[in-house]
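The values are calculated or read from the model by the stated rules, or taken from the named source; none is laboratory data. Nothing here was measured: the structure is a model prediction, and the numbers come from that model. All Cβ positions, even for glycine, are placed from backbone atoms using ideal geometry, and neighbour counts span all protein chains on display. Accessible surface areas use protein heavy atoms only, side chains included; no ligands, DNA or RNA. Shrake-Rupley method; radii C 1.70, N 1.55, O 1.52, S 1.80 Å.
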Amino acid sequence: MAKIAIIQFPGVNCEYETARAVESVGGTGEIIRFNVNPRTLSTHDGFILPGGFAYEDRVRAGAIAAKDEIVAALAEEVDRGKPVLGICNGAQVLVEAGLVPGRKPGEVEMALAPNENPDHAGFYCRWVYLRHEPSGTILPMPAAHAEGRFATDDTKLITEIKDKELIYCQYVRADGSGERVYNPNGSISDIAGLSAFTRPVIALMPHPERANWLYQLPQYLVGEWGERRRRARREELMGPGPGRVIFKEFVEAAEKGPGGRYL
Amino acid sequence: MTEMGSAEKDLKTAADIVTEYDLTLTAEEVAEVIKLLGREPSKTEAFIFDVAWSEHCSYKSSRWALKRYLPTTASNVVLGPGEDAGVVRVFRENGVGKCIAVAHESHNHPSQVLPVEGAATGIGGIVRDVYCMGADVVGCLDPLRFGDPEGDHGHRTRSIARGVVDGIWRYANPIGVPNLGGDVYFDSCYDDNCLVNVIALGIVDEDKIVRSAVPRIAHDVHYFIMVVGKPTDDTGVGGASFASAVLDDEAEESKSAVQVHDPFLKRVLTVANKEMLRRARERGIEIGWKDTGAGGLAGATSELAAAGDLGAKIYLDRVPLAINGLPPEIIAVAETQERYVAAIPAFFADEFTEIYNEIYDLPRVFPGACAAVIGEITRELEYEMIHGEEVVASIPLDALTTGPAYKRPTVPASPPIEPEGPQPVPGEPGKTLLQLLATPNVCSRRPVFDHYDKNVQGNAVIEAGESDAGVIAPWHGSRRAVAAAADGNPFITRLDPYAGGAHAVLEAVRNVVAVGTTPICITDCLNFGSPEEPEVMWSFVEAVRGIGDACRAVGLRGSDGEPLPIVSGNVSFYNQSETGAAVYPTPVVCVFGYIDDIDRATAGYLQFPDNALYLIGRRWGEMGASAAYRLDGRWGTPAPRPRFEDERLMLQVVLEVNETLLNASCHDISDGGLAVCLAEMVMGPSGAGQLGAEIDLTDVIDDNEPEEIYKALFCENGGYVVEMNQGCEYAAELIFEAAGVDWWRIGTVIDDPRLVVYMDGKPVISETVESLAEPWAGGLRELF
């Protein structure tokens, strides 16, 4: 059984439900405080940086946590081939730490910038539809952030990201078509989740742990998942939601161990 | 400290003290303090009494009415009003009571003066009230009242409204507490006094409840008093007293009375507190644990001691400070946020401080934050504060806890003034509906809710703004869930305070019933003007009477005539500006519901084509204070009369049908009446509903007259619209009939996104979802 460390920086707030999501796919989710001996990370098979407001988003979201000793230790574990998933604030930490996109590891090549949304300013919490690129399926899940816009002015970087198929999830319409995409934050190329260039690291802005069980879905959702939610009865409501696939492939990658391929 | 003089001399001395220390207490009250102490109070003591005897803390004007009219006990109540939060047993599992802990407060004055900080610290305070019961906070709600955004003070109102919503999300989102609901109203009566009510919901096992009292064992074992959290500064001085005075120009400047929030530190504290409480529990160590709110350290530690029938000695120079050299009276009463106090056995102190100061590294995470010993529990019933060598306060504890009490005069309030000129004729229903949907008081609340994190913790079943009430399933692995809905229509209360108080309860009850849950308890926050004004006091008493009667009438389902218990609440008086303009009487209630299987949690919008739609509840056509009349500034009369027996039958039948047949969807009828209810059902929460409804009201309305049709569509008498799945119609109708409620099969869900309402074969409303949603969805977008 893969042993997953969920790193608890001061101010994160999604660690408990993330641990439950890891357990739901057969992993062990262990919450590890930011100030433990960084060497303990070597005993884990994979790492999740959960959502929240690490160090109250001082300077920029994720910027302070990215400088924490434990993140340096994490980077070493990544070098050994262990997978990392950063969700929301965790994604911001990974970008600030130069782990995503990680074309030149350790260098900050992108930003998760403040949302640009013509209808809404500030923190934005709303269900969005993603296309999970590895499977091509549409996954509804909540976005809940104020700074979730993948941004860079390096057009070459974006070309490389597309060429290497590093986009992990993309904001799409409920039916999956690419026209008039509902992009909640103005993210470049509608990127919701991005994998790193050479290492098994993924930064994902929306929250799969909040869509990990069917009952977590609102009944107004459009498409297959909405239909499934509306028709679900009793025990079916405790069945998997669209976010489950994210944890499943992450824990499977951790299980395979170093050398195994995450994506 | 002088000898006691004659009563007259005392009053003169008291008046001087009031002036010298700028107290909100009256000279008579300070004279009473002099009598109790047998001497003049020191500055620190004067500050302590100013808070402890404030209206906010002592309920001196309201206590008698609350006691007389409000039912607070029922078999499910574990802890009623009086603790930081009320605790109610929801179900039992393996012999252990599974409980919810709920608290409800206002943070009105601070939010008017500094909206972001005021609203944020409102959330900060209310979640602490629930955390300190040993509970995990699993949700919050924010009923809000703002001035007229288009009125004379529109600019200020808009900035306050934006600031308040900003303050709420900037606090509640980082601490990881999802929003479950709330409501928003706009009216010029709130121009000078916005209302920001806050409600927190937690869960706790009955055997893990921590009391805000020094445990009995402290009579025999040496107990320390600890403070943990942010270092004390000079913010929020006299916050409770500030909340107990009319907001004048000077008060607008008293920003030092507003506290400063830090959600980040709060989140770290919450995680560390959990560990501390776990260790204490595992080792069988009894502790007293309390949030530091009104009255600061003095308020919290004196209440902690008094509740355990013990005394306390506080050494003020041991209190960790953010600013060196703070005078003792400030250290004593400053309402610095993000602090808790604890009474723990002396032998646990080292481990206690280690948890906070080393394991969770508070001093590194936040400058100066830590846990520290600041005092000890004593057997004398005396509350002492020592600063250096000097005893700066020495007060018999009962003097603090038994403040003054008043029964103030009442005079029936004069009715609101109708606009002059002829009464407008009812317009085309379709047009009225579109107009209503665009008004700030009826349009979509989504631009507000979208700022709030509604699904953190992963428990959401029905999110805030999605249906009539928020529903969460916080007991992991089980399908049990709780719901919460907050309501309080100020217009009905202005027109008829008794009906308004009752309506607030009934409306919130309908909301939790509509989502399929059974009401189990209620909290209230009573927002009024100055109790010293007889009309305000009369409205207050009437509203309280209405709330009490409604709670008894609704009752606790399945019990033997027990009331729906009120387990926590707050009175906020002096929501009045210097010009004498008081807010409309605004009782806000929150009702909590329970359901043992989320299978029956019901959405408030249409689900499947060809399903049948039923109306439950007669349209009495009582238009007073309705949103439709308010379109023209009219009040009308009468307000929707509370029909307690009808309401009880309706809620029983809606729950029963859901339990036996499963309601496909259900929406209660409230602001804007049946027409707005149907529009919301077809639009859905996003305004992009893909289904429609074909409705025929011929059997519902007796006379085919424009006036009658208008009243039936827009009156706000309570009721429900229920969508039943195909095949269940006959069985549902049998249940309706057997219960003896008024019901009609009014229509069908259609696979076409439009709302069509017929009367005698003619459409009186015919609108597409798109045309309904256009004014509705955008109504508040500009504002937030």
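Quick one: angle between helix B:429-438 and the longest Cα principal axis of chain B, in degrees between 0 and 90, rounded to 10, please. In chain B, helix B:429-438 runs at an angle near 30 degrees to the longest axis. When restricted to Cα atoms, the stretch A:1-74 yields an Rg and a Dmax of 12.0, 38 Å, respectively.
Over all other residues within a Cβ to Cβ distance under 10 Å of B:Arg216, the charged ones net out to -3, with Lys and Arg as +1 and Asp and Glu as -1. For the stretch B:50-84, the residues whose backbone nitrogen is under 19 Å from a point 7 Å from the Cα of B:Val96, taken along Cα to Cβ, are B:78-79. Taking all protein chains together and rolling a 1.4 Å probe, B:Asp699 ends up with roughly 120 Å² accessible. Legend: mean number of C-beta atoms from other chains within 10 angstrom of residue C-beta atoms, peptide A:124-131, equals 4. Close amide-amide hydrogen proximity is noted between B:Phe91 and B:Lys98, each under 5 Å apart and 5 or more residues distant or on a separate chain (H modeled in the peptide plane; Pro and chain starts excluded). Within the stretch A:1-37, the residues that become at least 20 Å² less accessible when every protein chain is included than when their own chain is isolated (1.4 Å probe; DNA, RNA and ligands ignored) are A:Gln8, A:Pro10, A:Gly11, A:Asn13, A:Tyr16, A:Glu17, A:Arg20, A:Arg33, A:Phe34, A:Asn35. Here chain B is scanned for GluC sites (Glu not before Pro) in DSSP loops (not H, G, I, E, B) that have at most 14 other Cβ atoms within 10 Å, and the longest stretch holding none of them is B:151-379.
Spin-label model, B:Leu36/A:Glu30: points 7 Å from Cα along the beta carbon direction are separated by 5.5 nm. In the stretch A:3-256, what percent of the accessible surface is made up of carbon and sulfur (1.4 Å probe, ligands and nucleic acids excluded)? Its accessible area is 48 percent carbon and sulfur atoms. Shown are A:Thr198, B:Thr401, B:Thr518, whose ranking by accessible area with a 1.4 Å probe and every protein chain present, most to least, is A:Thr198, B:Thr401, B:Thr518. Rounded to the nearest 10 degrees, the inclination of helix B:534-554 to the longest alpha-carbon principal axis of chain B is 70 degrees. The relative contact order of the stretch A:3-256, computed from alpha carbon pairs under 8 Å that lie at least 6 residues apart in sequence, is 19 percent.
Filter A:Lys3/A:Lys164; B:Lys67/B:Lys290; A:Lys248/B:Lys230 down to the pairs with a C-alpha to C-alpha distance above 31 Å, please.
Beyond 31 Å between Cα atoms: A:Lys248/B:Lys230.
With contributions of -39500 (n - 2.57) from each DSSP H run of at least four residues, the per-residue ellipticity at 222 nm computed over the protein assembly as shown stands at -9500 deg cm²/dmol. In terms of packing, defined here as the mean over residues of other Cβ atoms within 10 angstrom, the peptides B:167-174, A:151-158, A:42-49 line up highest first as B:167-174, A:42-49, A:151-158. Across the stretch A:3-256 the C-alpha pair distances fall into 5 Å bins from zero in the proportions 1, 7, 14, 19, 21, 18, 12, 6, 2, 0, 0 percent.
Near B:Ala307: Cβ cut-off under 12 Å, other residues only, Lys/Arg at +1 and Asp/Glu at -1. The net charge is -1. Charging the Cβ of each Asp and Glu at -1 and of each Lys and Arg at +1, and nothing else, the dipole of the protein assembly as shown about its Cα centre rounds to 2860 debye.
Just the protein heavy atoms count here, and of the accessible area of chain B at 1.4 Å, carbon and sulfur take up 48 percent. To the nearest ten degrees, helix B:154-172 and the longest principal axis of the Cα atoms of chain B are 70 degrees apart.
Summing charges over neighbours of A:Gly51, with a neighbour being any other residue whose Cβ is under 11 Å away from its Cβ, gives -3 when K and R count +1 and D and E count -1. Once the C-beta distance of B:Ala581 and B:Arg279 is scaled by a Förster radius of 51 Å, the resulting FRET efficiency is 0.45 to the nearest 0.05.
Cross-link check: pairs B:Lys9/B:Lys407; B:Lys60/B:Lys407; A:Lys82/A:Lys256; A:Lys82/A:Lys156 evaluated at a Cα-Cα cut-off of 18 Å; pairs beyond the cut-off: B:Lys9/B:Lys407; A:Lys82/A:Lys156. In the context of the full set of protein chains, the protein assembly as shown has a per residue accessible area of 34 Å² (1.4 Å probe).
By a 1.4 Å probe calculation restricted to protein chains, B:Arg318 has an accessible surface near 140 Å², given to the nearest 10. Based on C-alpha pairs under 8 angstrom that are at least 6 apart in sequence, chain B has a relative contact order of 14 percent.
In order along the stretch B:752-769, phi translates into HN-Hα couplings of 8, x, 7, 10, 10, 10, 9, 9, 6, x, 10, x, 9, 9, 8, 9, 7, 4 Hz, rounded to whole numbers, per the Karplus curve 6.51 cos²θ - 1.76 cosθ + 1.60 with θ = phi - 60° and x for Gly and Pro. Before anything else, pin down the relative contact order of the stretch A:68-142: Cα pairs under 8 Å, at least 6 apart, normalised by residue count, whole percent. Relative CO of the stretch A:68-142 lands at 14 percent. Heavy-atom accessible area buried between chains B and A is around 4000 Å² (1.4 Å probe, both sides summed). Solvent-accessible surface (1.4 Å probe) assigned to B:Phe644 amounts to roughly 50 Å².
For the stretch B:582-604, accessible area lost to neighbouring protein chains reaches 30 Å² or more, against the chain alone with a 1.4 Å probe, at B:Ile598, B:Asp599.
On the principal axes of its alpha-carbon atoms, chain B has extents of 89, 61, 47 Å, going from largest to smallest. The lysines whose alpha-carbon is closer than 19 Å to the alpha-carbon of B:Lys762, local same-chain residues fewer than 8 away aside, are B:Lys431, B:Lys711.
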